[in-house]
Amino acid sequence: MTSPLLTINQLDVAFHQEGKRTSAVRQVALDVHHGETVALIGESGSGKSVTALSVLQLLPYPTAKHSQTSSIQFDELELIGASEKSLRNIRGNRISMIFQEPMTSLNPLHTVEKQISEVLLLHEGLSKKQAKNRVIELLELVKIPNPAERLDSYPHQLSGGQRQRVMIAMALANKPDLLIADEPTTAVDVTVQAQLLELLQSLQKKLGMAILLITHDLRVVSKMASRVYVMKQGEIVESGTVEDTFSRPRHEYTRMLIDSKPSGHPEPVNAHASEIVRVKNLRVWFPIKRGFFRKTVGYIKAVDEINFFIKAGETLGLVGESGSGKSSLGMACLRLIDSNGEITISNRRIDHLNQRSLKPYRKNVQIVFQDPFGSLSPRMTIGQIISEGLVLHGIAKTPQMLDQIIGSTLEEVGLSAEMKDRYPHEFSGGQRQRISIARAIVLKPKLIVLDEPTSALDLSIQAQIIELLRDLQKKYAISYLFISHDLNVVKAMSHRVMVMKDGQIVEEGQVDDIFDTPKNEYTKTLLAASVELATT
Amino acid sequence: MITNPITIRRLENFKKNRRGYVSFWIFLVLLILTLPAEFIANDKPIAVSYQGDLFFPIFKDYKETEFGGTFRTATDFTDPFIIEKIQNKGWIINPLVPFDHQTVAWDLAMPAPSAPDTIHILGTDDQARDVLARVIYGFRISVLFGFTLTIISAIIGVFAGALQGYFGGWVDLIGQRFIEIWSGMPTLYLLIILASIIEPNFWWLLGLLLLFSWMGFVGVVRAEFLRARNFDYVRAARALGLGDFKIMLRHVLPNALVATMAFMPFTLAGSVTVLTSLDFLGIGLPAGSASLGELLAQGKANFQAPWLALTGFFVIAIMLSLLIFIGEAVRDAFDPRKLFTNK
């Protein structure tokens, strides 16, 4: 066997800030051989990205420090302590990197041509004309349709998947020996994810480069990588071939990662359960305005003539890719955006009420959002956040009663009553999501709209939140409208499923029917994309 | 006394900024000393005992005849004749600086402006008035003017910015266009025109500057409201059934206040500077009032008396620096990242 392309030995990274030392990575050792795909997995905060960034020496030095023994050798060249000039020769040339968020990693003011040719002009010294031809070649390579026409597009004119392809084209422009991919498919839809991974695989074969893949998604690992390193709190706890590691995990953390796939089923709905929600011919149309007088020339039909009902204690899953109108539908049910059509909640039409007369019915429908960091007011204590609705609707009459309700609700969602005086910053993503749930259930609503409540969380936490939501449903017979793009989670949560595409429902039915015998073509594609990832 | 944990942590953060914390105490001491300026620098004694009776000339005028003088007019306590009369049969407690800002020292050994000596610690200006007394009164009026202007413009600016940012659409469009036109008005010319019609006083200047200074706050507050109105927690609050004004007050305003707080020390320092420069140009406070700008103007006119310019310069420079340092500490105290990372 030849010597490895990249060897990391005893890597330590610590951050020094205001006299405090926080160790982020401890004694990490890993190697990547030519043409091989190695995965680095772990939950958020485990030090994966810090390890990757230290390969390119892109950490915020001197705040970040490596220890004396740390060593990163790339093709027999020591990268730690290498001169800025030799590092620049390696970055983007022999080692490239792609990031998770394609919107922020592309410069919004540069065209596609300018973004990609920058690397070419810098490292290969091509003329403008040569560079242009090479850019077209590269865009063809990453399978962007009509590459010549796309040259003058700006990032916002591309879809998420196309942006990620442009990122890949940029990374591959100088035929690197090593590609570091930091969560390359986390921000895109499942169908796009499958295509992108396929593309990466075929490119790897064509160009013979090595890939260091950083991800928290085990399905991606089993599809792509040959060897895997498992990272936990800055240390590598297990490594080996993907097959060995996944079939016979030695470390309990690895076992937990593998087992934490969302599973199980919700409690069956009571056969005599009454209908809580009925929505008839719901429409959310956004007008397109043109010209000097802003005349309405057409509509974007975000939600178009949708009908559904939910019974007490039932979960209706709503599946679809981004931009399909799922969130608009959820918000319309809460009357947070303007809509047309009938919305009946607990036998009461709420669609024609104005905001003032709607207030007494507000407590019946609550919402939990995706982003655990944006959904809690950063300047209010947990107690204040939860008590707001109680006070508004006059549920708690006395301060003692208020305290008691807040305490018991916090305990109900798996937190402790003493936390009520703390602020959202002091909690982790999973805990914050529990707080959001507490804010919703404290009003004893009939329906909760769950807008991707688990997508921003680590797998093991996802499973816990799903467990919590199912328990609460069992206890209070709450109905859920569960919006998600993650089919595994939907399967574990829902009784019935609706599949949404371009504002319309393309298929709906019992969860097992949809997953086992999908009838619609689009449903089949969605399922295929996620199943393909699940099996190697 | 203070039980709210966040308030305690904010105070700790405020103290952690040593420079700002020290500045705060220095400024506080200066403010406490100068607020009762009449008791610190005055040509009337605080208390007089004469023939066993107590008199408080600082509050009330007494006829000279009451102290054995000859005139039936108000007593001039700087008159050596009167001083001698009283001290024979009682005592006098004078303020620390025995001159008012308008007291003219008739007994100078050299022509005014006179250099610093033991009687006039910072010398006198070209009208033979004690510079220290004028600095004390000038500092007070500058700070009071600055605070009043800043607080009122912050209230108006935050209100206007909040409405525009939260409601957006036509409200925002009309508000923004109005501000664009309004900010094009030449403030200085308006002041000069005003000065030629009436004699501007504290309130006139305040009102006129207020017409324009509130716009500085609108931008930051509006941007914060525009950003925050689509936040999930604002949506969640609407889902709870909270009204628009309550949402603005409880969920969005606290965020916008940090930006306002960060902006305030600059507006405060700016207001002080504006008042000083108007006085320097001679279109500010009425003639004869103690003002730092007027002191600077005198310094410029009297280069042979450098204590005027130097005093003016140091007082203004120190005051503005203290305000900025305090402002930085206040900003640190409200910074949520600083609030939670350095536990």
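Worth a mention:
- Subset of the stretch A:119-176 (residues that are in contact with a Leu (Cβ under 7 Å, 6 or more places away or on another chain), open to solvent by 80 Å² or more (accessible area, probe 1.4 Å) and farther than 19 Å from A:Asn89 by Cβ): A:Lys143
- Of residues in the stretch A:50-73 being under 22 Å from A:Ala173 (Cβ atoms) and in a loop (DSSP other than H, G, I, E, B), the one most open to solvent (accessible area, probe 1.4 Å): A:Leu58
- In the stretch A:18-49, of all residues being of a type in the set (Gly, Ala, Ser) and outside any strand (DSSP E or B), the one that is modelled with the lowest pLDDT corresponds to A:Gly19.
- Of the helices (runs of 4 or more DSSP H) lying entirely inside the stretch B:258-343, the ones with 1 or more residues being within 14 Å of chain A (Cβ to nearest Cβ) and polar (S, T, N, Q) are found at B:336-341.
- Pairing residues of the stretch A:203-222 that are touching a residue at least 40 places away in the same chain (Cβ under 8 Å) with residues that are assigned to a helix (DSSP H, G or I) and open to solvent by less than 20 Å² (accessible area, probe 1.4 Å), at Cβ distances under 6 Å and at least 6 apart in sequence or on separate chains, gives A:Leu213/A:Met224; A:Ile214/A:Lys48; A:Ile214/A:Ala52; A:Arg219/A:Leu533; A:Ser222/A:Val242.
- Matching helices (runs of 4 or more DSSP H) fully within the stretch B:197-256 where at least 3 residues are open to solvent by less than 20 Å² (accessible area, probe 1.4 Å) and within 11 Å of another protein chain (Cβ to nearest Cβ): B:232-240
- Tally, over the stretch A:376-389, of residues that are in contact with a helix residue (DSSP H, G or I) (Cβ under 7 Å, 6 or more places away or on another chain) and more than 7 Å from chain B (Cβ to nearest Cβ): 6
- Residues of the stretch A:6-26 that are open to solvent by 30 Å² or more (accessible area, probe 1.4 Å) and within 18 Å of A:Val228 (Cβ to Cβ): A:Thr7 alone.
- Sole residue being open to solvent by less than 20 Å² (accessible area, probe 1.4 Å), in contact (Cβ under 8 Å) with a residue 60 or more places away in the chain and more than 14 Å from chain B (Cβ to nearest Cβ), chosen from A:Leu318, A:Leu334: A:Leu318
- Scanning the stretch A:79-97 for residues that are surrounded by 13 or more Cβ atoms within 10 Å (Cβ to Cβ) and either among the hydroxyl-bearing types (Ser, Thr, Tyr) or touching a residue at least 40 places away in the same chain (Cβ under 8 Å) (or both) returns A:Gly92, A:Asn93, A:Arg94, A:Ile95, A:Ser96, A:Met97.
- Residue, farthest from the chain's Cα centre (by Cα), within the stretch B:163-175, restricted to residues that are open to solvent by 10 Å² or more (accessible area, probe 1.4 Å) and within 22 Å of B:Val258 (Cα to Cα): B:Phe167
- Matching residues, the stretch B:86-109, being open to solvent by 40 Å² or more (accessible area, probe 1.4 Å), more than 17 Å from B:Ala41 (Cα to Cα) and modelled with pLDDT of 80 or more: B:Gln87, B:Asn88, B:Lys89, B:Trp91
- A:Phe373 being within 11 Å of chain B (Cβ to nearest Cβ) and modelled with pLDDT under 85: yes
- In the stretch B:228-254, the residues that are basic (Lys, Arg) and over 18 Å from A:Met331 (Cβ atoms): B:Lys246, B:Arg250
- Which listed residue, of A:Glu43, A:Glu76, A:Glu113, is within 23 Å of A:Leu218 (Cβ to Cβ), acidic (Asp, Glu) and either open to solvent by 60 Å² or more (accessible area, probe 1.4 Å) or within 31 Å of the chain's Cα centre (by Cα) (or both): A:Glu43
- Annotation: of all residues in the stretch A:390-435 being within 13 Å of chain B (Cβ to nearest Cβ), closer than 19 Å to A:Leu472 by Cα and not hydrophobic (A, V, I, L, M, F, W, C), the one that is surrounded by the fewest Cβ atoms within 10 Å (Cβ to Cβ) is A:Arg432.
- When B:Phe314, B:Phe266, B:Phe334 are checked against the criterion of being open to solvent by 20 Å² or more (accessible area, probe 1.4 Å), within 17 Å of the chain's Cα centre (by Cα) and at pLDDT below 90, B:Phe266 stands alone in meeting it.
- Condition met for B:Asn42 (farther than 30 Å from B:Glu84 by Cβ and open to solvent by less than 50 Å² (accessible area, probe 1.4 Å)): no
The values are calculated or read from the model by the stated rules, or taken from the named source; none is laboratory data. None of the values given here were measured: they were computed from a predicted structure. We place every Cβ from the backbone using ideal geometry, glycine too, and count neighbours over all the protein chains shown. Just the protein is used for accessible areas: all its heavy atoms, side chains included, with ligands, DNA and RNA removed. Shrake-Rupley method; radii C 1.70, N 1.55, O 1.52, S 1.80 Å.
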